[in-house]
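Asks: This is the structure I want to talk about, given as structure tokens.
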Amino acid sequence: MDISTKTTDASPPTPQPAAVGKHGAAHTKTRPGDRVFLGLSRGSGILLLVIMAAIAVFLTYRASLAISKDHGNFLTTFEWNTNLIPPTFGIAVLAFGTVVSSIIAMVLAVPVAVAIALFLTHYAPRRLSGPVAYVIDLLAAVPSIVYGLWGALVLVPHMNGLFGWLNDYLGWTGIFSWDGGAPRSMLTVGILLAIMILPIITNVSREVFRQVPQMHEEAALALGATRWEVIRMAVLPFGRSGVISASMLGLGRALGETMAVATVLSPDFDIHASLLNPGGGTFAQNIASKFGEATQDGRDALIASGLILFVITLLVNGAARAIIARRKEYSGANA
């Protein structure tokens, strides 16, 4: 008897090749919801770029009107008098005050914020870390004018002791010399800004440190590392990019802060070598204090100073993105 092999109907069907589109890629059917979400996401990105471009065009146009009428040098003039014919104004003092006060705030706030974030995530017990984190969240919601009033009524009167100490021991540097005037200076503004940006940097850094893979920390502990060595070898490298991003968020608020600075600072158009002597100014403070009573030329001049602040902010954020991109491979995220 001949035995012949027969194919049964139960054999698996031969897989059919996926449909190939005109570009040679396999074509898969996209759900309508995915197409809607893709369109909304793409449209939101394009809309954001359009808004940024519109702001830049508006600032540039109004700034060009003001600069064309300026009697002095817009970048180096130590004067702001738009009532003259022709008007005279410059941003030298404003740029110096904005940058210096922001640097002071960052130097004071970033180390403290990172230390608080590490304490809440790796040292404090849960029953303590929760309430402390809640209080820090509340500090981030306090309005700027409240910080300004507190700075003017509480911080400024209590700065005399610190200013006197700095003058006694560091006055020989010239940077911390004090002539006994009211402590409404760049250092006071920097301290107030540091208090204001501290919750922002702390909250973002805390969330970044919480994302550190548990296996990284356990591996370090298994090798005999102490708690600080675990933080230094596993936590900080992983969270470096996040801390930089948090710092840039804080710096953005420090650069553009208005009411708190206007309440604490005694403005003038002069650059002081000492951080303790009253005087100076920032872009945002100058715009807020002069916009209400400014003429048309004066408003154009203030918009021109706003354009410089806009450019500084873009440069700072661009530099931050470049730093994050360069250090991404060392963050530990891909280990």
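Asks: Do we have Phe89 as touching a strand residue (DSSP E or B) at 6+ places or on another chain (Cβ under 9 Å), among the aromatic types (Phe, Trp, Tyr) and within 30 Å of Asp297 (Cα to Cα) here?
Replies: So Phe89 fits the description; yes.
Asks: Right, Gly148: crowded, with 18+ Cβ neighbours inside 10 Å, of a type outside the set (A, V, I, L, M) and modelled with pLDDT of 90 or more or not? Don't jump to the end; show me each part of the working.
Replies: Numbers: crowded, with 18+ Cβ neighbours inside 10 Å: yes; of a type outside the set (A, V, I, L, M): yes; modelled with pLDDT of 90 or more: yes.
Spelling it out, Gly148 is indeed crowded, with 18+ Cβ neighbours inside 10 Å, of a type outside the set (A, V, I, L, M) and modelled with pLDDT of 90 or more.
Asks: How many residues are at pLDDT 85 or above and part of a loop (DSSP other than H, G, I, E, B) when one looks only at the stretch 280-292? First the steps, then the outcome.
Replies: Of all residues in the stretch 280-292, those at pLDDT 85 or above come to 280-291.
Now restrict to residues that are part of a loop (DSSP other than H, G, I, E, B): 280-282, 291.
So the answer is 4.
Asks: Just checking, which of Arg210, Arg206 is buried (at least 21 other Cβ atoms within 10 Å of the Cβ), touching a residue at least 60 places away in the same chain (Cβ under 8 Å), under 23 Å from Ile323 (Cα atoms) and charged (D, E, K, R)?
Replies: Criteria check complete, one pass: Arg206.
Asks: Also, I was wondering about something else. State all residues of the stretch 108-126 that are out of contact with any Leu (no Cβ under 7 Å at 6 or more places or on another chain) and either in contact (Cβ under 8 Å) with a residue 40 or more places away in the chain or outside any helix (DSSP H, G or I) (or both); if no residue qualifies, say none.
Replies: Within the stretch 108-126, the first condition is being out of contact with any Leu (no Cβ under 7 Å at 6 or more places or on another chain), and the residues that meet it are 108, 110-111, 114-126.
Answer for the stretch 108-126, where residues must be out of contact with any Leu (no Cβ under 7 Å at 6 or more places or on another chain) and either in contact (Cβ under 8 Å) with a residue 40 or more places away in the chain or outside any helix (DSSP H, G or I) (or both): Leu108, Val110, Val114, Ile116, Ala117, Leu118, Leu120, Thr121, His122, Tyr123, Ala124, Pro125.
Asks: Residues being in contact (Cβ under 8 Å) with a residue 60 or more places away in the chain, surrounded by fewer than 18 Cβ atoms within 10 Å (Cβ to Cβ) and either within 28 Å of Leu187 (Cβ to Cβ) or of a type outside the set (S, T, N, Q) (or both): count how many of those fall in the stretch 75-91.
Replies: Final tally of qualifying residues: 2.
Asks: Something else about it: Name the one entry in Ala246, Ala234, Ala260 that is at pLDDT 85 or above, in contact with a His (Cβ under 8 Å, 6 or more places away or on another chain) and in a helix (DSSP H, G or I).
Replies: Exactly one residue qualifies, and that residue is Ala234.
The values are calculated or read from the model by the stated rules, or taken from the named source; none is laboratory data. Since we're looking at a predicted model, the values are computed, not measured. Here Cβ is always computed from backbone atoms with ideal geometry, including for glycine, and neighbour counts include all displayed protein chains.
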